[in-house]
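Just below is one structure, and these are the notes that go with it.
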Amino acid sequence: MLKVGVIGCGAIAQRRHLPEYLQRNDVEIIAVCDFNLQRAQEVAKQFGAKYAFQTHEELLACEEIEAVSVCAPNNLHASISIEALNAGKHVLCEKPMATNLAEAKSMIEAAQINKVKLMIGHSQRFMAVHTKAKEIIEQGKLGKVLSFQSNFSHSGPENWSVDGSKSWFFNKDEAFAGVLGDLGIHKADLIRWLLDDEVSELTSMYGTQHKNTNVDDHAVILMKTRKGAIGTITASWVSYPNEINSTVIFCEKGTISIGVDPSYGLIVDHSNKQRELHELGKIQSNEVGEQFTSGVIDHFVDGIVNGTGHLITGEEGYKSLEIVLAGINSANSKTTVIFEKA
């Protein structure tokens, strides 16, 4: 049995981490914690945790715990993760992994020094439609990727967070970034992984279009990859009333469309007019009743138990965070950001 703790009892913990830990017969939920102790106690009872704590220090002091999920506000991701890694716990940290690259680097170093695993919760990689799309791209039958359009938009955290419109998502001091850090980073990670490519340059624009907040609620990034593809990422909290979670990849010999059709999760249109229709279930969604096992918890647990490690390491999380930070920099300075090759 892998013995786990969950730090933070908000929506992502209640709707993703804890239910998915509970589904496994090789995991025991030892403890949860939240600054709202009553919430932690209620969540502990709901998911069968042995202990409910108010602070992460109390949870990390629990010697039974071998691995933790860090589901705290964004500004605490790095500091809590580093404390957990230094305590010898494996860490699954929600995205974005940190608020700056120095923090992210310190997380990676802490995992290395303590010989424990650090995984970042970029869930888009585990969706069946995306794994199939990557397989198709890697087969090479569609030729070189020329362009892409990726969009992750919904009506905002007030309809998702347990704290509604008072959520930390709307407070820059806690969130550090708005929709770019919430949804945009998912698509930044997805594009890097799907195309097996890195960004060479980008320019972006964002604004607070509709929400009563001091962070961005709508953003667009235009970027070029090292292999020459040019495309856009759109992230928005002002998509009323529908959620959009889609990606279209334009290749030399056809187009891959993901999440654009209500019946078929993935469609391949070949230049010879042939069409492939793949059902593959609904794309992962925030809509009630449409979220199933994300694959994140399974991958985290299996990587520890089987010793296979993880697809989305701290180094991978670092590269996707770098894109979001560059997007913020570009929008604020109204300039194009050029990435240096590693």
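The values are calculated or read from the model by the stated rules, or taken from the named source; none is laboratory data. Since the structure is predicted, the reported quantities are computational estimates derived from the model, not experimental observations. Using ideal geometry, Cβ is built from the backbone for each residue, glycine included, and neighbour counts are taken over all protein chains shown. All accessible areas refer to the heavy atoms of the entire protein, side chains included, with ligands and DNA or RNA removed. Shrake-Rupley method; radii C 1.70, N 1.55, O 1.52, S 1.80 Å.
Each peptide among 78-85, 124-131, 205-212, 182-189 gets the average number of other Cβ atoms lying within 10 Å of its residues, and from highest to lowest they stand as 182-189, 78-85, 124-131, 205-212.
Taking label positions 7 Å along the Cα-Cβ direction at both Glu64 and Lys45, the computed distance is 1.9 nm, reported to one decimal. Cross-link pairs exceeding 28 Å between alpha carbons, from the set Lys105/Lys187; Lys3/Lys341; Lys166/Lys224: Lys3/Lys341; Lys166/Lys224. Residues in the chain average 44 Å² of solvent-accessible surface per residue, probe 1.4 Å, ligands and nucleic acids excluded. Seen against the Cα atoms of the chain and their longest principal axis, helix 37-47 is set at about 70 degrees. Local charge for Val179 was computed over the other residues whose Cβ lies under 10 Å away, with Lys and Arg +1 and Asp and Glu -1, and equals -2.
Here Lys273 is the anchor, and the lysines within straight C-alpha reach of less than 22 Å, apart from those fewer than 8 places off in the same chain, are Lys132, Lys134, Lys141, Lys144, Lys253. What does the C-alpha gyration tensor say about the overall shape of the chain? Classify as rounded when a/c is under 1.5, otherwise prolate if a/b is larger than b/c, or oblate. Taking the square roots of the gyration eigenvalues as a ≥ b ≥ c, the chain is prolate.
In a reduced charge model with +1 at each Lys and Arg Cβ and -1 at each Asp and Glu Cβ, the range 83-177 shows a dipole moment near 520 debye about its Cα centre. As a fraction of the 1.4 Å probe accessible area of the range 150-257, surface on carbon and sulfur atoms comes out at 47 percent. Can you give me the angle between helix 77-86 and the longest principal axis of the chain, using Cα atoms only, in degrees from 0 to 90, rounded to the nearest 10? For helix 77-86, the angle is close to 60 degrees. Given a 1.4 Å probe and every protein chain left where it sits, what share in percent of the accessible area of the range 25-95 is carbon and sulfur? Using a 1.4 Å probe with all protein chains present, the range 25-95 comes out at 47 percent carbon and sulfur. Across the range 63-150, C-alpha contacts under 8 Å between residues 6 or more apart give a mean separation that, scaled by the residue count, equals a relative contact order of 24 percent.
Length gained on full extension, Ile244 to Lys273: 7.8 nm, using 0.36 nm per residue less the C-alpha separation.
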